[in-house]
Structure formats: structure tokens, C-alpha cells
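Notes follow the structure.
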Amino acid sequence: MKNFWRRFSYNRGAVIGLFILTLVILTAILAPFVFPQSPWKMVQRPFLPPFTDNALLLGTDALGRNVISGLAHGAYVSLLVGLVSTIVALAIGVPIGALAGYFAGRTDDALMRFTEFFQTIPSFALAIVLLAIFQPSLMFVIIAISIVSWPPVARLVRGEVLSLRTREFVEAATLSGLGNTQIIMRHILPNALPPIIVLASLMVAQAILLESSLSFLGLGDPNIMSWGYMIGAARTVIRTAWWLSFLPGMAILLTVLSLNLIGEGLNDALNPRLTRKTQ
Amino acid sequence: MTLLSIRDLAIALPVGADRIYAAQNINFDLAAGEILCIVGESGSGKSMSANAVMGLLPEGVKPVKGNITFDGREILGLSEAEMLPLRGGRISMIFQEPLSALNPLMRVGAQIAEVFEAHGALSKSERRDRALKLLEEVGIPDPQAAIRAYPFQLSGGQRQRVMIAMALALEPDILIADEPTTALDVTTQAQILKLIEDLRKSRGMAVIFITHDFGVVADIADRVIVMQKGEIVETGTADEVLLKPQHAYTRALIDAIPRLVQRVDTEADQGKPLLTVENLEKTFSTGAGSLFGKRRVVKAVQNVSFELFAGETIGIVGESGSGKSTVGRCIVRLLDPDAGRVLMDGVDISHLAGAELRDQRRKLQMIFQDPYSSLNPRARVSRILTEGLIAFGTSKDAAHAKACELLEMVGLDASAMKRFPHEFSGGQRQRIGIARALALDPSIIIADEAVSALDVSIQAQVLDLLAELKTRLNLSMLFITHDLRVAARICDRIIVMQKGKIVEAGPVSKVLHDPDSAYTRSLLDAIPGQEYERALALAEAEV
């Protein structure tokens with residue numbers, strides 16, 4: 001664990017990423033306490049520029065709603081969507097990949113063709129179609145994002161399992177009389193964990209971007225203030241009130257960037273042999 | 001004339017490594033036309049010392065003291081640009097694994113020509129001619145075809161010849177060979193050693209030969225340096241070091257060499273055979289024989305039959321690709337045999353499945369080759385040793401107690417239970433692997449190259465342990481190995497395999513000292529250091 005931190009913190013970008021993400025998480029947690037009012041509530045005249053009113057630090061939007069409150073509440077939505085949809089995607093992708101890799105042969109063929117079926121459809125288009133069918137609620141947004149983002153997980157896990165299942169310790173476990181489930185759960189998956197963790201951190205970033213894009217198009221949950229929705233709503237006034245698109249855009253950029261940096265740091269820390277510099 | 005001289009060299013390891021210096025107090029001279037062997041076990045710093053000469057130390061490892069003088073010029077601390085003409089031009093190097101040392105996507109001829117290109121020598125057509133000549137010189141059959149081949153199309157020995165051809169391209173003064181024959185079969189090894197010896201004679205080239213095998217040293221060395229834990233413990237001419245070793249470590253290494261000594265055959269109690277293998281067959285095929293190329297069929301095991309009696313050790317010996325490991329894997333059913341029967345206590349286990357297979361397999365356990373990949377890096381020793389027992393219904397506490405007992409039996413402390421595999425050395429890991437194989441009280445142990453990855457002194461200890469456990473627990477063993485010397489040490493009977501078939505089988509003394517088949521004869525002849533062994537036996541007899 002100590003080594004893990006040493007290698008992780010050696011990557012300076014990763015530490016910065018962790019710092020930004022911590023800020024975002026704190027914002028999301030504290031939002032209901034600092035801004036107890038609904039972010040949908042109109043509080044001032046519309047188009048109030050930032051830093052003109054100390055009570056409304058980042059000004060108001062086209063309907064006079066508090067921008068900073070929207071950003072803070074949006075952080076919660078983005079993180080929730082990112083985390084939950086990644087967990088769901090892992091829950092679909094890991095078992096499929098593990099079964100395909102472990103049993104190989106026909107099971108592998110069947111499961112991988114199924115995976116490719118999802119991979120051949122552009123993920124964003126599929127997410128739009130799914131949301132057009134479902135009701136646009138937060139739960140369905142999460143489900144739609146999970147459904148389009150599990151195939152890479154399955155492929156990665158399959159590859160890892162394929163190479164791990166021929167290792168001698170797995171053969172030894174077979175000879176010790178362990179069942180397939182035990183071998184997969186106790187011997188193979190724990191060893192496949194590092195790349196899965198790295199991929200998962202990048203998937204959270206992907207999911208946040210997808211959610212923002214969907215909200216931008218108006219396919220998000222209409223009752224929830226999210227960064228994507230804010231950009232979408234400010235799109236028409238970008239020439240007169242550019243900050244209304246710019247601020248939530250920066251929020252998305254920084255959060256996604258921080259997750260990517262963390263992913264890279266995790267990669268360095270978990271795969272020390274691939275690290276470019278050891279000293 | 002001294003060509004290379006190293007004085008007081010110290011190479012520092014990165015902070016946090018298990019010792020401060022990879023090598024220190026290194027002093028030696030190399031004369032033109034001399035073969036200097038650096039011998040030592042893994043981690044002794046022998047490769048690091050040689051890499052320092054080439055300026056090819058891994059990142060974080062730096063020389064901190066001393067001089068390396070080559071041809072009257074200090075080369076330690078030269079810049080990359082100054083090193084380039086030396087590397088390959090004056091000093092060149094060959095490596096252990098020729099497959100990973102060659103670029104898999106480049107034809108052999110292009111790789112040799114590239115050496116000339118890098119040093120700006122010769123015109124394009126001349127380069128090709130020289131490449132062809134070099135391939136001829138290193139004895140590659142059909143150089144015209146080889147020059148157009150990709151590395152994967154050549155055998156291991158041929159690849160090493162290509163590496164040597166590349167190293168010789170610019171007629172270097174020094175050739176550094178880092179374990180060049182370790183990955184090769186014994187017959188191929190003998191050929192490569194002869195080639196290096198011949199080239200040394202014809203070109204007057206000096207050779208630094210790094211190896212862990214004293215047999216190889218005895219065959220090739222003029223002078224020997226023995227290294228231990230980063231320091232030179234003994235240097236001298238080959239005869240001095242090998243026959244009259246001064247340092248205790250050198251003596252220990254020499255004592256640990258497995259020898260082909262005459263053994264008294266122990267008549268095994270020929271009751272009913274414990275394991276009977278009848279007409280075992282296994283064929284591998286690659287590629288479906290589709291649009292892209294023909295289906296390749298390899299008959300890995302053909303018509304193999306033998307019987308294993310209680311308390312007996314049979315050695316299955318052969319070169320790589322002889323099918324010896326496949327036989328072992330088919331018996332324990334890690335692979336499914338295509339035909340034939342494997343009878344254990346009268347039950348044919350070659351077609352069992354599910355619970356029946358699981359119950360029968362309990363009596364048949366395996367020890368694997370690689371002590372690093374055969375233990376799950378994320379499981380503690382306690383779990384590694386107990387999970388098989390628990391899977392067969394032993395209670396947790398009983399399994400734990402049994403595991404502690406097993407650890408003691410293989411010479412480890414019970415405190416090892418709480419540790420992870422990476423905290424142990426290679427030999428200790430192999431002991432854990434043995435304990436795991438014994439956990440289910442098997443009657444037959446299949447050891448697949450179980451000591452091949454270990455240093456010679458550790459190898460001797462593990463072999464002794466296996467022999468002791470075998471008599472104590474009345475086990476039968478199938479010992480698969482490529483090394484006849486190891487087989488001689490532990491086996492009662494030997495089966496020699498070639499290309500999937502049994503070419504000879506019989507008691508150890510017969511197979512090793514009076515073989516019937518020409519193939520066995522050639523394997524025996526290729527064992528390095530045989531003259532030395534006789535000289536050593538003679539010297540010991542005098543004492």
C-alpha cells in the first residue's frame with residue numbers, strides 16, 4: 001500500500017487529478033447545505049454577469065437562476081451518473097468477459113458475437129435511441145450509459161482471463177480440485193484487477209461526458225440540474241452571455257481531466273513494470 | 001596483451017533494492033583471444049558487470065566507482081555518441097533468449113545488414129553479400145533461404161547463430177555472451193559452444209562468457225571468475241578454479257553439480273503397477289486449414305505406453321518439442337488425450353469428467369516448472385496450501401494444521417503461512433509448490449521440469465528434498481526433465497522421448513551408460529563438462 005502511494009504520487013498529474021476530484025466530490029456533498037434552495041429557483045434578474053453581486057458569485061442564467069448553485073448541484077448529478085453507470089457496466093462486462101475468456105470455444109464465440117453486436121453500433125447513437133424509448137429519468141440515463149459502455153470491459157477482461165487461465169497457478173488450482181467458479185473468483189479475477197481498475201476510472205469520465213451530451217440534447221432528466229443541461233440551455237445566448245456555457249463546460253473539462261489523470265496514475269501504480277521511470 | 005581491464009568497479013542499485021551494490025570491487029583483465037567465464041548464481045551481479053562494459057545498464061543502475069579501460073582508453077562514463085561506434089563495432093554482445101533479441105518483423109538478412117548500416121559500412125549490395133557470408137560462417141544450413149527468413153521460422157539454435165552472425169558482423173575485438181546457451185537444448189548447446197570456440201580461434205577474438213553452468217565453463221573457459229552477491233570470490237585459470245577451488249562458495253557450487261555417476265539400480269518392488277499408460281496419443285493442430293495457409297498438425301505424443309510402480313521414479317527425458325510435458329499433462333488431464341488409456345488402480349481416468357475425475361485426480365498431483373508463475377501472486381501461502389483440502393471437505397482448522405505440517409516437511413517455517421509468494425526466493429517458492437502438491441496425500445507426483453528454473457545449489461537441495469519425501473511418503477514420481485544429469489540423480493528408470501515417441505526406456509544405469517539408441521547416445525555426448533567430470537572424479541579419488 002505504501003509502495004502504491006509512492007508510485008501513484010510520483011505521477012504529479014495524478015496528484016493534481018486527485019486534488020481536483022476531491023474538490024468536485026466535496027462540492028457535490030456540500031451543495032445541499034451551502035445552496036439549500038433549489039437550483040431551479042429564479043433569484044435575480046436574468047443574465048447577471050459573474051462577480052457583480054456578492055450573493056450570486058457567478059451571476060444568473062437566462063431565467064435568473066443562480067449559476068453557482070446549478071454548478072454545485074450538477075456536480076452531484078455528474079458524479080452519481082459516472083459512478084453508478086460504471087458499476088453497472090462492470091457488473092455486466094466483467095462476468096461476460098470472464099466466462100468468455102475462461103471457457104473459450106463456443107461460449108467465447110457466442111458471448112463475443114453478442115458483445116460485438118453492441119460494439120458495432122455507435123455508442124452515443126445507441127444511448128439516444130435507448131433514452132428515446134425509455135422515460136428520460138436519471139435511472140434510465142444511467143441504464144442507457146451502462147448499456148453502451150460495458151463492451152470494452154468485457155473485451156478487456158476476456159483478454160486478461162485468456163492469458164491468466166493458462167498460468168501454472170491456475171492449473172495447480174484445477175489439480176487441487178477447485179471448481180470453475182472458485183478458480184475464476186479467487187485465482188483469475190483478482191489478478192486481472194489492475195487493468196480493470198484503470199479502465200473503470202476512465203469509464204467514469206466517459207460516462208460524465210455522455211451524460212452531459214445527452215442533457216445538452218435535452219434527453220436528460222428534466223427535473224435535475226446538470227452541467228450538460230446548463231450548457232444546452234445557454235447555447236442560444238452564447239454570444240451575449242458566453243460565461244453561461246463556459247462555466248459548466250470548464251466544470252466538465254476539469255472533472256473529466258482529473259479522472260483521466262487519476263487513471264494514468266493508477267496505471268503507473270498498479271503496473272509498476274510498465275512505468276516509464278522508476279526513480 | 002590486455003584488451004580490456006576493469007579496476008575497482010562498483011555498480012550501484014537504486015535506493016530500496018535488497019543490497020546497495022549490484023557489483024563491487026570488480027577487478028579483472030581480458031587478453032586478446034581469451035575466453036573468460038563469469039560464473040555465478042542468479043543475482044550474483046555477473047550480467048550487470050558485463051552490461052557495464054557495454055554501457056547498457058538498466059535505468060536507475062549506475063556505475064559509481066572504478067575504471068573500465070578498453071584498448072588503452074577509458075570507456076566508463078563515455079557519452080552515448082562516443083559509445084555507439086564501440087558497441088557492435090569493437091565490443092558486441094549476444095543474449096540468452098534469441099527470439100526476443102531479434103526483431104520479429106524483420107528478415108534475418110535485413111537485421112544483419114542493419115548492423116553495417118548503423119555503422120555506415122559498405123554499400124547496399126556488399127552488405128547483403130557479407131550477411132550471406134556471415135550466415136555461412138556461423139554454420140546455418142542453407143544460408144540463401146535463411147537470409148530471407150523471419151526469426152520465427154528458424155529454430156532456437158539457428159536464431160542464436162543469427163545473433164552470433166550479427167555480433168560478428170564488424171569483427172569486434174570482444175564478444176560478450178550472456179547465458180547464450182541456457183535456453184537451448186543440450187545438443188544445440190554443444191554446437192553453439194563449439195561454434196564460439198572455433199570463431200575465437202579463427203578470429204582471435206576475446207570472449208566474456210557469462211553462465212551458471214559449470215559443465216559449460218569446463219568445456220570452454222581459459223580463465224574463470226566466480227561471483228557471489230556482487231563480488232568476485234575467486235578467479236584463476238579454468239583448471240585451478242574447477243579442480244582445486246579455494247573458496248568455500250566455489251566448492252559448494254561444484255559439489256552441487258548433478259553428475260552422471262554410475263548408480264546402483266534399486267529394484268523397485270514390482271507388484272501391480274500403480275499407473276499404466278497405454279498407447280497415449282495427442283495431436284495438436286493449429287489453423288483451421290482455411291484460406292490462409294495449410295493446417296499445421298503436430299503429433300505431440302504418439303503411442304506412448306509405460307507402467308509406474310509404487311515407490312518408483314521414472315524420468316521422462318527429451319529435448320524441447322519431444323512431447324515429454326504433453327505426456328505429463330495428458331495423464332493429469334490438464335490436456336485431453338486423443339486416444340489411449342491411463343489406468344490408475346484399474347480405473348481409466350483418460351475419459352472421466354466432473355466429480356469422478358476430481359476424485360481420481362486427487363491421487364495425482366503436479367509440481368510445476370516456474371516457481372514464479374505457479375503460485376498465485378495475490379494469495380497467501382495459507383490459502384494456497386489449504387484451499388485444495390477445503391475443496392475436498394476438510395474443515396478449515398484441520399486444513400490449517402495440515403498445511404503447517406506440510407511446510408515443516410518441505411523445510412519451511414510455519415510462519416510462512418501468513419506471507420505472500422513474492423516474499424520468498426525461487427527455491428523456497430518451489431518448496432511451497434511441493435507442499436501444495438503433497439497437500440491432498442497423492443500417491444503419484446508428476447514433476448514437470450521442477451528444478452530447471454533453479455540455481456544449481458538450490459537445485460541440489462530441492463532434488464534431495466524430493467528424494468527424501470518420496471521414500472518417506474512412499475510416493476511414485478514421474479520426473480519430466482530435459483537434463484540427463486538431473487534425471488541421473490533422482491530416477492530409477494528413464495524413458496527417452498524424441499518427436500513424440502519413446503525411443504528408449506530402461507533402468508538408469510543402462511540408459512545413461514550403455515544406451516541402445518543413437519539418439520540417447522547423442523544426448524549423452526552433448527552434456528557439457530564430461531571430461532571435467534572424469535577429471536574431478538579422478539582428483540577426488542586421489543584425495
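Before moving on, here are some points about what is shown:
- Qualifying trypsin sites (Lys or Arg not before Pro) in segment B:379-443, where qualification requires a DSSP coil assignment and no more than 16 other C-beta atoms within 10 Å, comprise B:ARG380, B:ARG419.
- Alpha-carbon radius of gyration plus Dmax, which is the widest Cα pair, for chain B in Å: 25.3, 76
- With contacts taken as Cα pairs under 8 Å and at least 6 residues apart, chain A reaches a relative contact order of 27 percent.
- Computed Kirkwood radius, in angstrom, where 1/r is averaged over Cα pairs of segment B:98-169: 11.7 Å
- Using the Cβ-Cβ distance between B:HIS513 and B:SER125 with R0 set to 60 Å, the FRET efficiency from 1/(1 + (r/R0)^6) comes to roughly 0.65.
- Amide hydrogen neighbours beyond the local backbone of B:ALA31, cut-off 5 Å, H modeled: B:LEU3
- Rounded tilt (10° steps) of A:151-164 against the dominant C-alpha axis of chain A: 30 degrees
- Pairs beyond 20 Å (Cα-Cα), from B:LYS324/B:LYS501; B:LYS402/B:LYS470; B:LYS396/B:LYS470; B:LYS46/B:LYS201; B:LYS272/B:LYS363: B:LYS396/B:LYS470; B:LYS46/B:LYS201
- Only helical runs count toward this figure. For chain B, summing -39,500 (n - 2.57) over DSSP H runs of n ≥ 4 and dividing by all residues gives -11000 deg cm²/dmol at 222 nm.
- Computed over segment B:375-441: relative contact order in percent, which uses C-alpha pairs under 8 Å that are six or more apart: 46 percent
- Taking the centroid of alpha carbons for each part, segment A:205-273 and segment B:323-375 are 55 Å apart.
- When both bridge partners sit in chain B, DSSP labels roughly 55% of those beta bridges antiparallel.
- Extending 7 Å from Cα along the Cβ direction at B:ARG380 and again at A:PHE246 yields two label points whose distance is 5.7 nm.
- Square roots of five times the Cα gyration tensor eigenvalues for segment B:399-543, Å: 32, 19, 14
- Against chain A, whose longest principal axis is taken from its Cα atoms, helix A:189-216 shows a tilt of about 30°.
- Taking other residues whose beta carbon is less than 11 angstrom from the beta carbon of B:ALA50, and scoring Lys, Arg as +1 and Asp, Glu as -1, yields -1.
- For chain B, the relative contact order is 15 percent, taking Cα pairs closer than 8 Å that sit 6 or more residues apart in sequence and dividing their mean separation by the residue count.
- Residues A:TRP150, A:TRP5, sorted so that the one with the fewest Cβ neighbours within 10 Å comes first: A:TRP5, A:TRP150
- Using a simple spin-label model with pseudo-atoms 7 Å out from Cα toward Cβ, B:GLU468 and A:ARG235 lie 7.8 nm apart.
- Prolate is the label for segment B:375-441, because a/c, from the alpha-carbon gyration tensor with a ≥ b ≥ c as root eigenvalues, is 1.5 or above and a/b exceeds b/c.
- For B:ALA177, the amide hydrogen comes within under 5 Å of the amide hydrogens of B:ILE94, B:ILE208, B:PHE209, B:ILE210, counting only partners 5 or more places away or on other chains and with H modelled in the peptide plane.
- Centroid-to-centroid, using Cα positions, segment B:44-95 and segment B:153-220 are 20 Å apart.
- When the Cα gyration tensor is reduced to axis lengths a ≥ b ≥ c, the ratio a/c is 1.5 or higher for segment B:338-421, and with a/b above b/c it is classed as prolate.
- Simple label model, 7 Å out from Cα along Cβ direction - B:ASP255 to A:LEU253, nm: 7.3 nm
- Neighbourhood net charge (12 Å Cβ-Cβ; Lys/Arg +1, Asp/Glu -1) for B:VAL317: -2
- Theoretical FRET efficiency, 1/(1+(r/R0)^6), r = Cβ-Cβ of B:GLU136 and B:ASN67, R0 35 Å, to 0.05: 0.35
- In a simple Cβ point-charge model (Lys, Arg +1; Asp, Glu -1; nothing else charged), chain A has a dipole of about 520 debye relative to its Cα centre.
- For the pair B:LYS201 and B:LYS299, the difference between a 0.36 nm per residue extended length and the Cα-Cα distance amounts to 31.1 nm.
- Mean Kyte hydropathy of 0.5 or more with a Cα span along the axis of at least 24 Å, helices from DSSP in chain B: B:456-473
- Computing FRET efficiency as 1/(1 + (r/R0)^6) for B:LYS499 and B:LYS396, where r is the C-beta to C-beta distance and R0 is 45 Å, gives about 0.40.
- Euclidean distance between Cα centres, segment A:121-170 to segment A:45-78, Å: 35 Å
- Cα gyration tensor shape of segment B:147-207, rounded if a/c is under 1.5, else prolate or oblate by comparing a/b with b/c: oblate
- The shape of the protein assembly as shown can be summarised by an equivalent ellipsoid whose semi-axes, obtained from the alpha carbon gyration tensor, come to 58, 37, 26 Å from longest to shortest.
- Antiparallel DSSP beta bridges within segment B:172-235, as percent of all bridges there, nearest 5: 45 percent
- Over chain A: helical MRE at 222 nm, DSSP H runs n ≥ 4 each giving -39500 (n - 2.57), nearest 500: -23500 deg cm²/dmol
- B:GLY323 long-range amide H proximity, modeled H, under 5 Å: B:GLY500
- Contour minus Cα-Cα distance for B:LYS363 and B:ASP413 (0.36 nm per residue): 15.4 nm
Read-outs: derived from the displayed coordinates by stated rules, not from any lab. Values in this document were obtained by computation on a predicted structure and should not be read as measured data. All Cβ positions, glycine included, derive from the backbone under ideal geometry; neighbour counts span all protein chains shown.
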